[in-house]
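Following: one structure in structure tokens, then a few remarks.
The values are calculated or read from the model by the stated rules, or taken from the named source; none is laboratory data. Every value quoted in this text rests on a predicted model; they were computed, and no experiment measured them. Every residue, glycine among them, receives a Cβ derived from its backbone with ideal geometry; neighbour counts consider all protein chains shown. The area values use the complete protein model at the heavy-atom level, side chains included, leaving out ligands, DNA and RNA. Shrake-Rupley method; radii C 1.70, N 1.55, O 1.52, S 1.80 Å.
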Amino acid sequence: MSDEPAGDRPELADDRARLRLASGPLAGPVLCRVISMVLTRADWPVDRLHDAMLVCDALSAHAPGHAYDGHVTFALAARGDDVELRVEDLSEEGAASLVRDAMLPGVGNVLERIPQSLSVERVDGRSRLVLTLRRG
Amino acid sequence: MNEHGKLGTAKKRPGEAMKPDMELALWARAENIAIVRHALGGLGEAFEISDEKLSDIRLAVTEACSNVVVHAYPEDSHAHRGPPDPGHADRGPATPAAKPSARARGWGTMEISATMLADELVIVVRDWGQGIRPRPDSPGLGLGLSLIAALAQTVQLGHDTQEHTEVRMTFALSDEFAEPGSAVPDIAATAVASRPQPLRGTGDGRP
């Protein structure tokens, strides 16, 4: 992935898609559609697609509440069997808080259980969450 | 409160400084137009846009994106120079360093932004390509731009302050104002509405 700081413009580096959404009702319907299209085109099996939608639901439900400036950016890059999803433009503690918010009673933490990897990065007073989803 | 007010996204007045509600940046490839259409479907769901209006919006935006895919980044364009990342040849160059100039910074990309105003939706399709110019070898059928003009309330073609080539479309969401292709407030849009102009087309009206 590129290492440019979280910025205001949706610059496309080596990301396959970059989506910036205003906090509010857009995150759920738009994010889930975009990611499901990308994964479907990559021929992901339906069970893994379903897992990815659970992750999307968790992100879209909680990420807008931790936005740095009222917008959240989702950057998606497919590499082989992996898809890396970055959630950017979160407040300084936003990414960590987002992970904590993803706890489901009886299920556990969706963002910790489903992705292959999960990391929190802080850049210029903001933070971002980097997830890797694996096809198989 | 209008029908969108309950959704929690701040409504904006025309002319107000604003950030778009949605910005989507993708490689300008035909297969990515489907992603744009799905994203617009999500936008329509969130803002409770009627199926009929959403169909019009999708069709117009699809035409604008198709113009980017077909015309913005021709093979001999300077914006196309620079070796693609050999490991990711299907995605174009992987790093900004592979791009030869600031103008080519967004190599092969298209950006779609959507801003909800009080009673209208403004959608802008941008690219970093060669700009709007006649193209004698255009493969287009000549329907794209006139179709956009027929479906949108206003259409503006031009460049923004960052050298993007952009097609700016306004769609009325209230039936009271919805007369597609009739309310055209500026010179560029008037030209588009009255006589199809080449977008990146042949010079004979075929975009």
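Worth a mention:
- Checking each residue in region A:67-77 for being closer than 14 Å to A:L26 by Cβ and not in a strand (DSSP E or B) picks out only A:G70.
- Just one of (1) more than 12 Å from chain B (Cβ to nearest Cβ); (2) under 23 Å from A:D101 (Cβ atoms); (3) out of contact with any Asp or Glu (no Cβ under 9 Å at 6 or more places or on another chain) fails for A:H66. It is (3).
- Positions within region A:35-50 being in a helix (DSSP H, G or I) and of a type outside the set (G, A, S), in sequence order: A:I35, A:M37, A:V38, A:L39, A:T40, A:R41, A:V46, A:D47, A:R48, A:L49, A:H50
- Subset tally (residues that are at pLDDT 55 or above and open to solvent by less than 50 Å² (accessible area, probe 1.4 Å)) for region B:160-190: 11
- Search result, residues across region A:10-30 that are touching a strand residue (DSSP E or B) at 6+ places or on another chain (Cβ under 7 Å) and either modelled with pLDDT of 95 or more or facing chain B (nearest Cβ under 7 Å) (or both): A:P10, A:L12, A:D14, A:R16, A:A17, A:R18, A:L19, A:R20, A:L21, A:A22, A:L26, A:V30
- For B:K53: the one exception among (1) modelled with pLDDT of 50 or more; (2) exposed (fewer than 13 other Cβ atoms within 10 Å of the Cβ); (3) more than 13 Å from chain A (Cβ to nearest Cβ): (2)
- Subset of region B:28-47 [over 16 Å from A:F74 (Cβ atoms) and either surrounded by 23 or more Cβ atoms within 10 Å (Cβ to Cβ) or more than 7 Å from every other protein chain (Cβ to nearest Cβ) (or both)]: B:A28, B:R29, B:A30, B:I33, B:R37, B:L40, B:G44, B:F47
- Of all residues in region A:51-66, none are open to solvent by less than 30 Å² (accessible area, probe 1.4 Å), outside any helix (DSSP H, G or I) and at pLDDT 90 or above.
- Among the numbered conditions (1) open to solvent by 60 Å² or more (accessible area, probe 1.4 Å); (2) farther than 18 Å from A:A22 by Cα; (3) at pLDDT 90 or above, the only one that B:M1 does not meet is (3).
- Entry remark, region A:78-118: residues being open to solvent by less than 30 Å² (accessible area, probe 1.4 Å), hydrophobic (A, V, I, L, M, F, W, C) and in a strand (DSSP E or B) number 5 in total.
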